[in-house]
């Protein structure tokens with residue numbers, strides 16, 4: 001599967017790393033994969049690492065639909081997207097813009113270090 005899921009209960013972080021070609025089906029099923037994981041807690045924060053993606057086969061409509069659907073995370077959870085520049089960054093920005101009411105704490109960064117720095121900041 002091109003999405004690797006790691007849940008660190010000590011740090012309270014859900015880490016999803018996307019690799020290779022990402023299909024719409026894989027993109028849309030990821031929240032359920034997270035929710036059904038035995039270690040998941042809605043109050044955890046989330047890091048989505050897009051640096052390994054080589055192609056995105058997800059429609060803008062699917063991105064908007066997922067972004068506007070209520071999150072499996074609590075409203076206070078922080079969401080950090082690690083994204084390179086270019087088309088993948090554009091998709092991340094589209095998600096962020098559409099998620100402002102369902103996931104108010106979404107930021108996009110370029111490195112894992114920036115992601116962890118943001119998560120350490122007080123809310």
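Laboratory data are not the source of any read-out in this text; all were calculated from the coordinates shown. The shown structure was predicted, so the numbers you read here are calculated from the model rather than taken from an experiment. Neighbour counts are summed over all protein chains in view; Cβ atoms, including those assigned to glycine, are modelled from backbone coordinates with ideal geometry.
The table below lists the values:
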| read-out | value |
| --- | --- |
| Within a Gaussian network of the chain (alpha carbon springs, distance under 10 Å), most fluctuating of 41, 61, 76 | 61 |
| Globularity ratio of segment 3-120, using Cα Rg and 2.2 N^0.38 Å | 0.96 |
| Difference of contour (0.36 nm per residue) and Cα-Cα distance, residue 33 to residue 118 | 28.1 nm |
| Highest-MSF residue in the chain out of 60, 112, 84 [GNM, Cα springs under 10 Å] | 60 |
| Segment 1-44 residues near the modelled residue 61 label - backbone nitrogen below 18 Å, point 7 Å along Cα→Cβ | 23-29 |
| Length-normalised contact order for the chain - Cα pairs under 8 Å, 6+ apart - percent | 23 |
| Residue 4-residue 111 FRET efficiency (beta carbon distance; Förster radius 22 Å; 0.05 resolution) | 0.75 |
| GNM result for the chain, Cα springs below 10 Å: residue of 26, 113, 46 fluctuating most strongly | 113 |
| Beta bridge orientation in the chain: antiparallel %, DSSP, nearest 5 | 25 |
| Whole-Å distance, taken between Cα centres, linking segment 4-69 and segment 72-123 | 12 |
